[in-house]
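As structure tokens, the structure follows; a few thoughts come after it.
The values are calculated or read from the model by the stated rules, or taken from the named source; none is laboratory data. Source: prediction; values computed, not measured. Cβ: placed from backbone, ideal geometry, glycine included. Neighbour counts: every protein chain shown. For the accessible areas, the whole protein counts, side chains as well, though only heavy atoms, and no ligand, DNA or RNA atoms are used. Shrake-Rupley method; radii C 1.70, N 1.55, O 1.52, S 1.80 Å.
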Amino acid sequence: MKTIVICSGGLDSVSLAHMVAAKRKLTGLVSFDYGQRHRKELDYAALCAKRLDVPHDIIDMRGIGAALTGSALTDDVDVPDGHYAEETMRVTVVPNRNAIMLTVAYGIAAARGDQAVATAVHGGDHFIYPDCRPDFTQAFEFMQYMALDGYADVSLYTPFVHRSKADIVTEGQRHNTPFAETWSCYKGGEHHCGRCGTCVERREAFDLAGVADPTQYDDPDFWAEAIKRKILA
């Protein structure tokens with residue numbers, strides 16, 4: 001099935017791209033510049049496209065992102081430390097981000113004759129990101145079915161929506177994903193900070209999957225403290 005992958009350059013989407021390349025017909029990657037705090041992740045998405053020898057489109061959504069104010073990812077708001085499950089992580093929500101990206105990706109897929117759009121939303125995102133939840137993805141796919149009725153038949157491929165990030169690490173290893181060539185950290189420093197929600201979740205996922213984590217963190221031990229705090233909360 002001809003499939004394009006929405007690829008941020010993070011662990012999840014790069015692992016998904018490698019899985020799609022192995023199991024389906026990967027036709028390209030699409031990434032989005034929405035004015036996020038840093039562009040490092042987009043460089044890793046470009047590396048993934050080059051490695052898999054597929055086209056890579058970066059869609060400029062900076063004008064839209066500038067209007068989605070209040071998020072630590074797009075605004076002058078500090079990125080909090082801690083686990084995703086902590087209430088403070090809600091400040092990293094960019095309203096309707098996935099809905100907007102998926103709509104654009106569906107348009108690209110329809111225009112190019114692709115049969116599916118793949119996105120790496122997963123079970124760990126459900127707590128704070130409403131447009132990562134199964135109810136959303138099912139409703140979105142039906143909406144796009146109606147939007148493209150008579151013009152194109154494009155499905156939504158979400159193999160991780162009921163699975164954990166540790167499962168993604170396992171799947172990524174199975175398909176030879178070079179984890180060191182992915183970027184997750186929200187802070188965008190020289191190395192992964194090890195303290196923001198996505199760093200903590202990344203470190204935890206490797207531990208749960210029993211896979212060696214090649215990532216260099218500025219604070220490699222903070223994740224254990226964050227997990228303990230989450231359990232005791």
What are the residues in the stretch 140-158 that are aromatic (Phe, Trp, Tyr) and under 18 Å from Ser13 (Cβ atoms), if any?
Phe140, Tyr157
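Of all residues in the stretch 1-43, which are among the charged types (D, E, K, R) and open to solvent by 40 Å² or more (accessible area, probe 1.4 Å)? Can you show your working first?
Initial filter on the stretch 1-43 (among the charged types (D, E, K, R)): 2, 12, 23-25, 33, 37, 39-41, 43.
Listed by number, the residues that qualify are Lys2, Lys23, Arg24, Lys25, Arg37, Arg39, Lys40, Asp43.
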If I ask for residues that are crowded, with 18+ Cβ neighbours inside 10 Å and free of Cβ contacts under 8 Å to residues at least 12 places away in the same chain, which ones from the stretch 119-170 would you list?
none
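Rundown of residues vs (1) touching a Leu at 6+ places or on another chain (Cβ under 8 Å); (2) in a helix (DSSP H, G or I); (3) within 18 Å of Lys165 (Cβ to Cβ); (4) not aromatic (Phe, Trp, Tyr), yes/no style:
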position: Ile100; (1), (2), (3), (4): no, yes, no, yes
position: Val104; (1), (2), (3), (4): no, yes, no, yes
position: Ile108; (1), (2), (3), (4): no, yes, no, yes
position: Val121; (1), (2), (3), (4): no, no, yes, yes
position: Ile128; (1), (2), (3), (4): no, no, yes, yes
position: Asp135; (1), (2), (3), (4): no, yes, no, yes
position: Tyr145; (1), (2), (3), (4): no, yes, no, no
Would it be correct to say that Glu181 is within 17 Å of Ala17 (Cβ to Cβ) and at pLDDT 95 or above?
yes
Single residue of the stretch 177-217 satisfying the filter (of a type in the set (Asp, Glu) and not in a loop (DSSP other than H, G, I, E, B)) that is least open to solvent (accessible area, probe 1.4 Å)
Glu201
Looking at this structure, is Arg174 open to solvent by 30 Å² or more (accessible area, probe 1.4 Å), more than 16 Å from Tyr44 (Cα to Cα) and modelled with pLDDT under 95?
no
Would you point out which residue out of Gly189, Gly210 is small (Gly, Ala, Ser) and closer than 21 Å to Ala45 by Cβ?
Gly189
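When residues of the stretch 44-65 are filtered for being open to solvent by 30 Å² or more (accessible area, probe 1.4 Å) and either assigned to a loop (DSSP other than H, G, I, E, B) or within 17 Å of Val5 (Cβ to Cβ) (or both), how many remain? Show your work before the answer.
Our first condition is that a residue be open to solvent by 30 Å² or more (accessible area, probe 1.4 Å); within the stretch 44-65, this holds for 44, 46-47, 50-53, 55-60, 62-64.
Subsequent filtering for residues that are either assigned to a loop (DSSP other than H, G, I, E, B) or within 17 Å of Val5 (Cβ to Cβ) (or both) retains 44, 46-47, 50-53, 55-59.
Total meeting the criteria: 12.
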